[in-house]
Amino acid sequence: MVQPYGFKPADLGGEPADVICSPAYRPISIEWAAPEPWGASDVEAPIARAQQKPGYLYAISWDHHLATKRETIAYIGITDRLDRRFDNHPTAAELRGRKRKTFLSIGHVDFGRLKNTSRVTRRITEELEHILIWALWKDLVNDRKMMCIPGFGTNGGGAWHITNTGHSFSGRMPREIIFPWMLIKPRRDRPRI
């Protein structure tokens, strides 16, 4: 995907909270835990400190050799069961097998008024994963959800004001994402006088 040239955000009339429509941008928060080292020889994934609730986002990241301060997010995923997700995860095994320090960070989603066990939260978590993949696509090795626009799958999508808190992945995790965003390419102003 090429970075858009000459586009600017459309004027939607103010802050997302001020937009009066139905459905409005729904606030949702993801708190990213500090990444735990995850070596190729480790038998289990480092998930001991994770809260035991259903529905998680996770990020596999690595440091590039000497650039230890420049943490790169390599993979974004979701799971309902942290205790079983990493038993058979070929992409995670491949990333851990490379000559880099690999880390695992768990993202706890605050759904606000929705209950964490509802069927709706599974769909929302999947949509959040898709939005994050699109926001971070440049360095990711994800092979699914890269060629489909978020919200245009079989389940549709919502309007979200996503706030990422906790670990920032050396500034690579966006602080906020407003989805769907809207970009416009203005024409030249050529009034006839």
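The values are calculated or read from the model by the stated rules, or taken from the named source; none is laboratory data. This one's a predicted model, so the numbers in the text were calculated from it and none came from an experiment. All Cβ positions, glycine included, derive from the backbone under ideal geometry; neighbour counts span all protein chains shown.
Assigned to a strand (DSSP E or B) and either surrounded by 13 or more Cβ atoms within 10 Å (Cβ to Cβ) or modelled with pLDDT of 80 or more (or both), is that true of I124? Spell out how you get there, then give the answer.
Values: assigned to a strand (DSSP E or B): no; either surrounded by 13 or more Cβ atoms within 10 Å (Cβ to Cβ) or modelled with pLDDT of 80 or more (or both): yes.
Answer is no for this residue.
Determine which single condition K115 fails, assuming it passes every other condition in (1) in a helix (DSSP H, G or I); (2) at pLDDT below 85.
So K115 meets the others, but not (1).
Wholly within the stretch 16-88, which strands (runs of 3 or more DSSP E) include no fewer than the required count, namely at least 3 residues that are at pLDDT 85 or above and aliphatic (A, V, I, L, M)?
Ranges flagged: 56-64, 67-79.
Modelled with pLDDT of 85 or more, surrounded by 12 or more Cβ atoms within 10 Å (Cβ to Cβ) and acidic (D, E): does that describe D110?
In short, yes.
Name the single residue, out of those in the stretch 153-180 being loosely packed, with under 11 Cβ neighbours inside 10 Å and at pLDDT below 85, that is nearest to the chain's Cα centre (by Cα).
G156
Output the qualifying pairs, or none if there are none: Cβ atoms under 8 angstrom, residues six or more apart or on different chains, first residue in the stretch 27-48 and without any contact (Cβ under 8 Å) to a residue 24 or more places away in the chain and at positive phi, second residue among the β-branched types (V, I, T) and exposed (fewer than 11 other Cβ atoms within 10 Å of the Cβ).
Listed pairs, sorted by first residue: none to list.
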